[in-house]
Amino acid sequence: MESPSTICSKRRYSGQTIGFISVSDQPPQKQLYQDNGAVWLHSIAASSVELASHLLKETFSLLPQSNSIIIDASVCPDWLTTLFTVPLEGGNLILCTRARCVNGIRIRRARVEDHDDLIPIFQNNGDTLLQDYFLAKLIAEQDEHNKTLVAEIDGRAIGMMSLSTQADIEQLRSSFLLEDYADLLSLNGNEELNGAAINLFCIQPQLASQAYEFFQYAFEEFPNRDYILFTTLHQTGSNPLSSFMQFVPSSMDSNAPFALYIMHHNSIQKTLSIVSPDFEQKKKLKETLEEGEDTTTDWDALMQEDSVEKMYLLRAGDEDIGYVLTSSEIPIDQLRSNYKLDELIDHDHHHGRHLILKRFEIHPHYSSVKRKILRELLKITGTTCIFALCNDQLSFPWVYSEMISVQRRKQYIVPYLLDGYHSLSILPIGEICFPRSYHNGRIIIVGGGDIGLSVIEQLSHIRDIQFTGITLISPEGIVREKRGRGSFQCDSYCYAPHELDQIRLEDKSHVVRIDRTRKEVTLLDGTILSYDELLLVPGMQEQTYTKLFGPPGQNPTVHGVYAPSYRYNEVDACIDTIARFEEDWKAVVLGGTLESYACIEALLTRGLKGNQIVHVNHSTSSSENVFHRDHIYEAVRSRMSEEGVETIIEMKIKSVEVIEGTISTVILEPITEGGREARIDCQLLLCCDHESLGVDDYLFQAIMESCLVYDGRLVVDSEFRTNDPCIYSIGKAAKYGHSTHNNNPTDAPFAHYNSRELGVRLANTLLRHVQGFEEVGGNTTVKFKESKSRGCVLPGGIHYMHCSRPRIGHSLSLLEKGRDLESNCGDHGKIWIHVDVYGYVDTVTHLDRLVNDSTVSEGLYRTSLKLISLIGVHEKNMNQLIQRYDEGSIKDFSAYFDEKWALALFHDGFNQLHSDLKSTFDENQPELLELKKLIAETVDQKLVEGVQDLSEQLSKSIPNWIKLALQAKLIEHIKKNQQELNTYMIEGKPLDV
């Protein structure tokens, strides 16, 4: 639901809604009475006073910190006034108090006789480990260090909290980042724990939201302690206490079996408020922050009365505890054009009523009440939504966990208008009273490629769950290099550079051991990490080095032999040495893969001469697996020959000679009998052989030792699980097992699919499992839809990109069916579009010369992304592409797709529009069944007579009511996306002249 209301409560019976209530923090009119502990009733629908009373009771249960519900008596129906009996002074307002609807909870010291009331609550929560009379003993042995509280209603215990000051403080300090909390030390420097830890907690589920009541009394029981600590096992479900406390991140090498939450006594014992500072208060704060080298605040603008930026001071009692900077300078339409806001909010409702969070600073002692502060901020500003934009200088660590991360839209028709900002988070008023639940399970992801990033991205955008324990393990870290000349790597086009900036994990290491019994992985540096779910998503590594010298660590390291890597330091050192010795020393590039041609271009860009580079390819032609077109392959070979690059074909590497730990000679042998060996003196060997791919050596050894089923690749089921249900895998290093209904003719089906889509599927499967949902699909394998793309910069500075539908392998026979459409692309490029026999785009190939000598320009990269989005689109949806091509009116596909008509085609909602149009009608309607029959007869007739006017004839067969329904859908789509589709004029919208 998206409205000014924050609570929507429904009661269902036999599938029918029989009650509804909607409340908000904000009164209908700003001048009306406001109170921090009150909410306003906006609407209620109930069939009886009893049902209305129940709805009010449920509302108070969901809002434990609200004490009353207010309504204007002039609009309150007579039958409801019996529940709103307390008038307010100074206005025609009445309220319903919490005490009127909810039985008050009383917190007191536990007594031994509470044992019988509490045991059933523990048992209903699934806790069967308590020994006989354990609770009675725990209660009886209370002392100054161990105390137990109970909550009771009408003399019956309905919840319990047991606390102790005798926790292991050294374990806490070594396992968690506690610097913001003075390492839990008291001000006098005493080494004992400055807090009380909750050892045992329970409460009746229907009263879980009132668990907050315990904290006030807990601090009173320990007046000399500043903190309440709460630990919960990683695999335990969400606990009601965690939503009222601050999560504490664990240290990198922590193996604590629990997650930690914390609360400071000031956050509950002091009254919080938000005030607008006067000029002198701003000036004082400016002086304080400038001493801390604050460089991100425009104080000159902030001091102006009419500034779009506003400042608010956060106070606890009389003490300033932080400040907030907000702005409204970025229109919500601009945010919507770049982020997927429509999936979270009704943007029209929040138009002009939103805040941009510029800064949010708060004392760590009050971090557990940050959601309450954000709620109050919405109330005093009269706004309905908070946005937080993050860049390199601005971050909001205290509030990100309370907000929903928003995904970037795949927009090819409008530029990104928020330069400098990497990510957007949002908190609409409809979510403010529902804290996100925490998932404390430890999820370790091995592999920093596109799949690993996609899993992290997908989990971080879950609306109602905050994952606190995700760890990325990758030897190469996250790739953030600029695309262009000099890059040894190919591009998958899964992530644009600005999208990578949103992901902040940077761990770099190898996994050398997996202990499935203890659920631990050991890294190369000896660090041991515990996991609850382990995701193995590494790429396949080039294994020529291992074949020549054995696994790393078993023999001395040989320098000068490398696979394409993101770490260029050692490669660059070899290149510098070769360049100094000119023709005497050489670099050898092994393999016929796309990476091999990228490496040759990178070597040329780095200063090597062509006659210092030798390309060894054991195949006579690479057109099928690399360029997909023979003339591109021949053109690249010709360009390499012009540069002086020597090419050796039908030979493979036999061995190498090493002098003083560095490669000196490569020995080649023919792939057929009768040939002669060849020797090449070289100081650099770049290995790009697709026949020498395998899992990372360290990881492979760990897989073997842990007895995971490995048959050339990790074997997984239809849920992507290995033979260990806690270990998942997908991607090039995995394959389906024989038990799945898998008709794929290869052992590596995942290698031919879009890596980002693979990560999304794996994340969704993991999410189902951690939430306890049943498996779906049985043993049937998943069907993938997203296109697969690859590209690089070829010798001569030629940008190359090829994209195709997801399929097993690449067969030239596919290109023999359908049609090939070829055109220019600007002054120096070419575009090939292959349309299958049904009229759908099957493959796209794009060649273009780089305008400058360094990186792929944004315009060129955007052109490639637009072409990729054409995969699977019917040519008639591209303004009758084939007809216009045959007429000769298309000379340049790039210019053609830049025309105004193509705005809708490249809009990120085009595919959804296509689906909506298909689902507009019920296919079993008698009228549609008759229409299908008529169309089939028309098609059969025209196939005999000729199909020149088939489309016109079919159009005449479609009833007018269907055309009007489809037209209404199109107009609705354009209205909804008028910000991007402003070239279309619709009724009621002004022209943008």
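Amide hydrogen proximity for residue 736: with H placed 1.01 Å from N in the peptide plane, the residues at 5 or more positions away or on another chain lying under 5 Å are 716.
Computed FRET efficiency, Cβ-Cβ of residue 642 and residue 911, R0 30 Å: what is it to the nearest 0.05? Efficiency for this residue pair is about 0.10. Note on residue 738 and residue 518: with the Förster distance fixed at 22 Å, the Cβ-Cβ geometry gives a FRET efficiency of about 0.15. Simple point charges give the picture: +1 on the Cβ of Lys and Arg, -1 on the Cβ of Asp and Glu, and for the stretch 163-271 a dipole about the Cα centre of about 340 debye. Annotation: lysines with alpha-carbon distance below 20 angstrom to residue 975 (same-chain offsets under eight excluded): 340, 410, 900, 918, 963, 989.
So, with +1 on the Cβ of K and R and -1 on the Cβ of D and E, and no other charges, what is the size of the charge dipole of the stretch 788-898 about its Cα centre, to the nearest 20 debye? Magnitude of the dipole: close to 360 debye.
Taking a straight Cα-Cα cut-off under 20 Å and skipping sequence neighbours fewer than 8 places away in the same chain, the lysines within cross-link reach of residue 783 are 732, 735.
Note on residue 92/residue 920: beta-carbon distance plugged into 1/(1 + (r/R0)^6) with R0 of 51 Å gives a FRET efficiency of 0.55. For the stretch 46-141, the dipole from Cβ point charges (+1 on Lys and Arg, -1 on Asp and Glu) about the Cα centre works out to 240 debye, to the nearest 20.
Sorting the segments 881-888, 445-452 by their residues' average number of neighbouring beta-carbon atoms within 10 angstrom, most packed first, yields 445-452, 881-888. Bridging of residue 137 to lysines at a Cα separation below 16 Å is possible for 147, once same-chain residues fewer than 8 apart are set aside. Relative to the 2.2 N^0.38 Å rule of thumb, the stretch 821-918 has a C-alpha radius of gyration ratio of 1.10. Given a 1.4 Å probe and the protein chains as shown, residue 920 ends up with an accessible area of around 40 Å².
Between residue 278 and residue 145, residue separation times 0.36 nm minus the direct Cα-Cα distance comes to 43.2 nm. Highest mean first, the peptides 540-548, 757-765 sorted by other C-beta atoms within 10 Å per residue fall in the order 757-765, 540-548. Taking 0.36 nm per residue of separation and subtracting the Cα-Cα distance, full extension of the segment from residue 288 to residue 186 would add 34.1 nm.
Across the protein chains, with a 1.4 Å probe defining accessible surface, the residues 585, 398 rank 585, 398 from largest area downward. Considering only 176, 66, 85, and ranking their Cα positions along the charge dipole of the stretch 41-188 that arises from unit charges at the beta-carbon of Lys, Arg, Asp and Glu, the one farthest toward the positive end is 85. How many nm is it between the label spots at residue 171 and residue 966, if each spot is 7 Å from the Cα in line with the beta carbon? It works out to 6.7 nm between the two label points. Note on residue 44: accessible area approximately 40 square angstrom, rounded to 10, probe 1.4 Å, nucleic acids and ligands left out. When 222, 201 are compared by accessible area at a 1.4 angstrom probe, the order from most to least is 201, 222.
For the stretch 106-267, take every pair of Cα atoms, bin their distances at 5 Å starting from 0, and report each bin as a whole percent. Over the stretch 106-267, the share of Cα pairs per 5 Å bin runs 1, 8, 18, 21, 20, 16, 9, 4, 1, 0 percent.
Extension gain for residue 767 to residue 862 (0.36 nm times residue separation, less C-alpha to C-alpha distance): 30.9 nm.
The values are calculated or read from the model by the stated rules, or taken from the named source; none is laboratory data. Note that this is a predicted model, so its numbers are computed, not measured. So basically every Cβ, Gly included, is an ideal-geometry build from the backbone, and we count neighbours across all protein chains shown. Heads up: the accessible areas ignore ligands, DNA and RNA and are worked out on the full protein's heavy atoms, side chains in. Shrake-Rupley method; radii C 1.70, N 1.55, O 1.52, S 1.80 Å.
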